[in-house]
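Working notes for the structure below.
The values are calculated or read from the model by the stated rules, or taken from the named source; none is laboratory data. The structure displayed is predicted, hence computed values, not measured ones. Here Cβ is always computed from backbone atoms with ideal geometry, including for glycine, and neighbour counts include all displayed protein chains.
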Amino acid sequence: MKEYTIDAAGKTLGRVASEAAKALMGKTSADYTPHIRSDVHVKIVNAGKLYMRARKRSTKTYKTYSGYPSGLRTETYTALSTRRGADEPLRRAIRRMLPRNSFLTARMKNVEITA
């Protein structure tokens with residue numbers, strides 16, 4: 001098992017998420033094969049120290065839809081990070097950068113985020 005440690009202090013949300021997604025897919029190793037799940041564990045430290053402009057913190061929204069009429073819920077970055085913790089926006093960004101196949105849940109279990 002390979003382990004990657006990413007320090008998120010001073011970096012933007014997307015840069016950290018894309019680096020983690022690449023590592024989880026196995027694209028950073030020489031023996032990358034798309035149909036074989038790589039055994040990579042990614043640890044992200046200092047998630048609470050991500051760099052984000054104040055305006056972006058208040059305007060970035062996350063949408064979820066329940067499937068029912070008027071079931072669309074929107075939430076800002078600050079509201080999400082206070083409700084679920086500083087690691088939740090990063091976890092959602094990584095999840096949405098990974099391919100939607102049978103490996104997705106197994107790959108997300110290999111992500112450890114600490115604030």
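Just a few scattered comments:
- Criterion (outside any loop (DSSP other than H, G, I, E, B), acidic (Asp, Glu) and farther than 30 Å from Lys56 by Cβ) met by exactly one of Glu19, Glu3: Glu3
- Single residue of region 17-31 satisfying the filter (surrounded by fewer than 19 Cβ atoms within 10 Å (Cβ to Cβ) and in contact (Cβ under 8 Å) with a residue 24 or more places away in the chain) that is nearest to Asn46 (Cα to Cα): Ser18
- Flag if Ser58 is part of a helix (DSSP H, G or I) and either over 17 Å from Ala17 (Cβ atoms) or at pLDDT 95 or above (or both): yes
- Test for Arg91: is it under 24 Å from Leu104 (Cβ atoms) and basic (Lys, Arg): yes
- Of the residues in region 79-91, at least one is over 12 Å from Ile113 (Cβ atoms), in contact (Cβ under 8 Å) with a residue 12 or more places away in the chain and surrounded by 12 or more Cβ atoms within 10 Å (Cβ to Cβ).
- The test for being touching a residue at least 60 places away in the same chain (Cβ under 8 Å) and either over 13 Å from Ala21 (Cα atoms) or outside any loop (DSSP other than H, G, I, E, B) (or both) does not hold for Glu75.
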